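Engineer: I am attaching a structure below and will ask some questions about it afterwards.
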Amino acid sequence: MEFNFQFDWQAAIASLPFLLKGLPYTLLISFAGLAIGFVVGILCGLMRISPTRWLRYPAIVYIEVFRGTPVLVQVLFIFYGLPSLLGGPINALTAGIAAIALNAGAYISEIVRGGVQSIERGQREAGLSLGLSGGQTFRYIVWPQALKRMIPALGNQGIVSIKDTSLFSVIGVGELVRQGQVYIAQTFTALEVYFMIALLYLVITLSLSMALSLLERKGLVG
Amino acid sequence: MNDKVKRNRPTDETADTTPIVRMERVNKHFGELHVMRDIDLSVAPGEVVVIIGASGSGKSTLIRCVNGLEPFQSGRIEVDGNTLSPNGASGKSLQAVRTEVGMVFQQFNLFPHLSIRDNVTLAPRKVRGWTRQQADDTARRLLERVGIIDQADKFPGQLSGGQQQRVALARALAMEPRLMLFDEPTSALDPEMIGEVLDAMRELANDGMTMMIVTHEMGFAREVADRVVFVHNGQIVEQGPPAALFDTPQHDRTQAFLSRVLKH
């Protein structure tokens with residue numbers, strides 16, 4: 001018996017131009033999704049700790065639903081399910097961004113809640129005692145400190161969401177994995193291509209890690 | 001009124017004697033616990049009132065009610081013409097009160113993400129609308145006064161506890177308050193740093209600031225207070241000039257408390 005599995009570097013390199021066509025989609029879905037997810041997360045995270053019930057309960061329902069179901073199911077629901085409700089098709093790219101935004105938003109809500117709640121009560125009291133309004137106290141005192149504590153968890157969520165975009169090959173978004181599958185179908189170089197895809201993901205996630213640790217070391221504010 | 005050399009606060013007949021703080025039948029409950037019972041207490045302009053009592057007696061809660069950090073359930077509190085209502089229904093007057101009342105906390109509560117200077121200038125700029133220049137000038141003057149001017153660019157974590165508390169004092173004074181509240185300002189300090197904070201407070205009292213102070217420093221209370229209020233079980237049991245209260249306490253509870261704290 002003879003194994004002639006050899007890693008063909010030339011085939012790997014050759015696949016790169018085709019794979020790189022998927023990179024903008026992966027990046028777009030990741031960063032647009034995360035940016036929207038961050039906004040959603042701040043909003044729902046703050047609603048989650050509101051003393052007002054009708055703000056808190058919707059946030060809890062949202063968070064539990066989107067943390068408790070798989071992203072794959074979420075994107076399939078949005079892409080294949082929602083059109084029959086809306087009466088029109090949804091663009092695959094839009095569906096992907098929406099799925100990341102909603103899913104990451106749910107996790108980020110909990111990160112925001114934890115970050116804000118971790119700031120000692122005395123900080124808020126000191127702000128209020130100086131005559132700052134509740135909003136000013138939050139904006140100038142509580143939030144900057146909370147954000148600093150949230151960075152590691154946010155970085156983690158960013159990495160998870162970037163990797164989650166690989167699932168969207170199933171709805172036909174031409175992101176990294178989808179491009180790879182198309183390429184392999186023509187060249188039968190699965191080993192090399194998946195290796196290159198893994199490498200590309202690693203480049204993205206490592207860049208993010210490094211950017212965040214730089215931010216953390218320098219400090220966001222002062 | 002007593003043998004102390006009195007400060008440059010108004011003492012003649014023309015002086016405004018309308019109380020800055022007027023608490024009337026204030027009651028507060030923490031669930032089942034009745035932490036403030038029918039508190040009646042007025043503080044005149046320039047007066048230094050020291051509140052003493054065992055831990056859990058409600059003395060911190062009492063002064064935290066004055067700037068609305070603690071809600072109360074019945075009664076009323078008037079601070080410099082603004083009325084605080086029960087159950088947090090004070091509305092706009094709450095912020096008006098907080099703008100005129102400064103507070104120093106046991107744990108300092110400096111803002112760790114801001115420089116010493118920014119700790120002091122934040123509220124004057126955001127609440128009073130001062131320019132940075134104006135706020136910086138005031139900060140410089142106040143930090144000089146409490147002896148921290150050379151640390152203005154540092155962050156709170158780089159300062160000792162005593163220095164931090166003096167910054168906290170400067171931060172509160174930057175708002176030019178009409179009344180200062182002190183909630184056990186030296187309780188979290190190492191013994192060798194208590195003196196520097198008390199000195200700064202003494203100086204403030206001599207300048208005529210109206211002060212309500214919760215403290216366990218009985219020597220300081222005797223020296224600086226115009227009036228000492230003894231609180232037990234959420235009630236004002238006895239009050240009077242320090243000499244009278246410390247030397248000839250009338251109430252059993254006061255005697256028992258003082259014999260415990262003054263013995264050592």
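Where a number appears in this text, it was derived from the coordinates with a stated rule and is not lab data. These figures come from a predicted structure and were not determined experimentally. Cβ coordinates were reconstructed from backbone atoms using ideal geometry, including for glycine residues, and neighbour counts include every protein chain displayed.
Engineer: May I ask for the distance between the Cα centers of the stretch A:129-194 and the stretch B:196-264, given as a whole number of Å?
Structural biologist: Their Cα centres are 58 Å away from one another.
Engineer: Now a separate question. Tell me whether the stretch B:134-213 comes out rounded, prolate or oblate; compute the Cα gyration tensor, take square roots of the eigenvalues as a ≥ b ≥ c, and use a/c under 1.5 as the rounded threshold. Walk me through the numbers before you get to the answer.
Structural biologist: On the way: a/c = 1.78, a/b = 1.01, b/c = 1.76.
Oblate is the answer for the stretch B:134-213, as a/c is 1.5 or above yet b/c matches or exceeds a/b.
Engineer: Give me the distance between the Cα centres of the stretch B:131-153 and the stretch B:63-122, rounded to whole Å.
Structural biologist: Answer, in whole Å: 23.
Engineer: Okay, moving on. Taking amide H atoms as placed 1.01 Å from N in the peptide plane, list the residues 5 or more away in sequence, or in a different chain, whose amide H sits under 5 Å from that of A:GLU120.
Structural biologist: none
Engineer: What is the order of B:THR18, B:THR83, B:THR61, fewest Cβ neighbours within 10 Å to most?
Structural biologist: So the residues, fewest neighbours to most, are B:THR18, B:THR83, B:THR61.
Engineer: Here's something else I'd like to know. Got a sec to turn the phi values of the stretch B:130-139 into Karplus ³J(HN,Hα) couplings, 6.51 cos²θ - 1.76 cosθ + 1.60 with θ = phi - 60°, whole Hz, x for Gly and Pro?
Structural biologist: With the stated coefficients, the stretch B:130-139 comes to 5, 6, 4, 4, 4, 5, 4, 4, 4, 4 Hz.
Engineer: Still on this structure, I have one more. Amide H of B:ILE51 versus every other amide H placed in the peptide plane: which residues, excluding those fewer than 5 positions away on the same chain, fall under 5 Å?
Structural biologist: The answer is B:ILE213, B:VAL214, B:THR215, B:VAL229.
Engineer: Which whole-Hz ³J(HN,Hα) couplings does the stretch A:38-51 yield from phi under the Karplus relation 6.51 cos²θ - 1.76 cosθ + 1.60, θ = phi - 60°, glycine and proline marked x?
Structural biologist: Each residue's phi maps through the Karplus curve to give 5, 4, 4, x, 4, 4, 6, x, 6, 4, 4, 9, 5, x Hz.
Engineer: Kindly provide the Kirkwood hydrodynamic radius of the protein assembly as shown in Å, to one decimal, from all pairs of distinct alpha carbon atoms. Could the numbers behind the result be given before it?
Structural biologist: On the way: mean 1/r = 0.0374 Å⁻¹.
Averaging 1/r across every pair of different Cα atoms and inverting gives 26.7 Å.
Engineer: Tally Lys/Arg at +1 and Asp/Glu at -1 over every other residue whose Cβ is under 12 Å from the Cβ of B:ARG166; what's the total?
Structural biologist: Its environment carries a net charge of -2.
Engineer: Further, regarding this structure: What does the net charge come to around B:GLN73 if you take all other residues with beta carbon closer than 15 Å to its beta carbon, with K and R at +1 and D and E at -1?
Structural biologist: +1
Engineer: Here's a follow-up. Take the residue pairs B:LYS28/B:LYS59; A:LYS21/A:LYS163; B:LYS59/B:LYS263 and return only those whose Cα atoms are more than 20 Å apart.
Structural biologist: Working: B:LYS28/B:LYS59 12 Å; A:LYS21/A:LYS163 17 Å; B:LYS59/B:LYS263 22 Å.
Those over the limit are B:LYS59/B:LYS263.
Engineer: Hey, another quick one. If you count the DSSP beta bridges with both ends in chain B, what percent of them are antiparallel, to the nearest 5?
Structural biologist: Antiparallel bridges: around 55 percent, rounded to the nearest 5.
Engineer: Something else now. Going through the stretch A:158-222, which chymotrypsin sites (Phe, Trp or Tyr not before Pro) have at most 11 other Cβ atoms within 10 Å and a DSSP loop state?
Structural biologist: A:PHE188
Engineer: Please arrange B:ASP118, B:ASP136, A:ASP8 by how many other C-beta atoms lie within 10 Å of their C-beta, fewest to most.
Structural biologist: Sorted ascending by nearby Cβ count, the order is A:ASP8, B:ASP136, B:ASP118.
Engineer: Just how many % of Cα pairs in the stretch B:194-264 lie over 19 Å apart, if you round to the nearest whole percent?
Structural biologist: 34 percent
Engineer: To continue, here is another question. Using R₀ = 30 Å, calculate the FRET efficiency as 1/(1 + (r/R₀)^6) where r is the Cβ-Cβ separation of A:LYS21 and A:GLN117; round to 0.05.
Structural biologist: Efficiency computed from Cβ-Cβ geometry: 0.10.
Engineer: Give the shape of the stretch B:224-264 as rounded, prolate or oblate, defined through the alpha-carbon gyration tensor: a ≥ b ≥ c are the square roots of its eigenvalues, a/c under 1.5 means rounded, and otherwise the shape is prolate if a/b is larger than b/c and oblate if not. All intermediate terms of the calculation are to be shown ahead of the outcome.
Structural biologist: Numbers: a/c = 1.57, a/b = 1.04, b/c = 1.51.
Here the stretch B:224-264 falls in the oblate category.
Engineer: When a/c reaches 1.5 or more, the comparison of a/b and b/c decides; with that in mind, is the stretch A:25-132 rounded, prolate or oblate per its Cα gyration tensor? The partial results should precede the final answer.
Structural biologist: On the way: a/c = 2.99, a/b = 2.22, b/c = 1.35.
Prolate shape, in that a/c is at least 1.5 and a/b is the bigger ratio.
Engineer: Taking amide hydrogens as modeled 1.01 Å from N in the peptide plane, which residues meet the under 5 Å criterion relative to B:ILE20, leaving out close sequence neighbours?
Structural biologist: B:VAL43, B:ALA44
Engineer: Let me ask you something else. Loop sites only, by DSSP: take the GluC sites (Glu not before Pro) in chain B that have at most 15 other C-beta atoms within 10 Å and name the longest stretch containing none of them.
Structural biologist: No qualifying site falls inside B:33-264, the longest such stretch.
Engineer: Using Cβ contacts closer than 10 Å as the measure, can you line up B:ASP40, A:ASP164 from fewest to most?
Structural biologist: By the 10 Å Cβ count, ascending: B:ASP40, A:ASP164.
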